Amino acid sequence: MQMLTVLFLCTGNSCRSQMAEGWAQHLKGDAIEAYSAGVATHGINPNAVAAMGEAGVDITPQYSKHVDELADVEFDYVVTVCDNAAESCPVFRGNAKVVHQPFDDPPRLAREAASEEEAMEHYRRVRDEIRDYVNTLPEGLKGVSHDK
C-alpha cells in the first residue's frame, strides 16, 4: 500500500494539529506521512507537549509552521481540525481532498480552569479524542472528503 500524505491543519499549529501529527507518526507511520501546519503560527503549546508526553509520544522535535512552508508538498488529504482552519483553508496543489474533523480547543477551555490539573484535563481529553480519530486512518478518510 502506498503511503498517504496527510496535513493536519489548524489555526496556529500550536496544539490540536501538533497532537494529530504526533499521533499519526506514532500510530500510523507505516501508512501515513504526516504533517501539521497552521494558517498562522503560534509556537507549540507546552501543555500539548506535556499531554502527549504523558501518553508516550514526544512531539518536541515538531515545530509550529505556516501552511505556506509546505507549499511544495503534494497532499492526498488535508484534515482541518478546527472551524477557523476549515473556513480559511487554502487551495492545495494536486488533488488534495479536504476533510473537516473539528476538536475542542484545549487552550480556550483551559482559560476557565481553576487549577493547572483541571486545565490539563482538557488537553488530555482532546489528546485522546485525536488519538481515537487517528486510529481510524487511513480508512477513515475514504468517502468523507470534501473537495475544495
Report summary line: Where a ≥ b ≥ c are root eigenvalues of the Cα gyration tensor, a/c under 1.5 meaning rounded, otherwise prolate if a/b exceeds b/c and oblate otherwise, the chain counts as prolate
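Would you order H66, H26 from fewest to most other beta-carbon atoms within 10 Å of each residue's own beta-carbon? Don't jump to the answer; show the numbers that get you there.
Working: H66 14, H26 17.
Exposure proxy ranking, most exposed first: H66, H26.
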**Report entry** Per-peptide average of other Cβ atoms within 10 Å, ordering 32-38, 16-22, 6-12 highest first
**Finding:** 16-22, 6-12, 32-38
Query - Dipole-positive endmost among P46, Y133, V73 within the chain (Cβ charges, Cα centre) - result: V73
Query - Rough spin-label spacing in nm, given labels placed 7 Å along Cα→Cβ, for M3 and D58 - result: 2.0
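Expected output is a single nm value to one decimal: the length gained when fully extending between D30 and A113, i.e. 0.36 nm times separation in residues minus the C-alpha distance. What is it? Kindly include the intermediate steps, with their values, before the conclusion.
Values: separation 83, 0.36 × 83 = 29.88 nm, distance 3.78 nm.
Here the answer is 26.1 nm.
About the Cα centre of the range 1-111, how large is the charge dipole given +1 on each Lys and Arg Cβ and -1 on each Asp and Glu Cβ? Please answer in debye to the nearest 20. Can you show the working numbers first?
Working: 7 positive and 14 negative charges, 41 e Å.
So the dipole magnitude of the range 1-111 works out to roughly 200 debye.
Bear in mind these aren't lab numbers, they're just calculated from the coordinates by the rules spelled out. Just so we're clear, the structure is a prediction, and the values are computed from it rather than from any experiment. Heads up, the Cβs are rebuilt from the backbone with ideal geometry, glycines too, and the neighbour counts pull from every protein chain shown.
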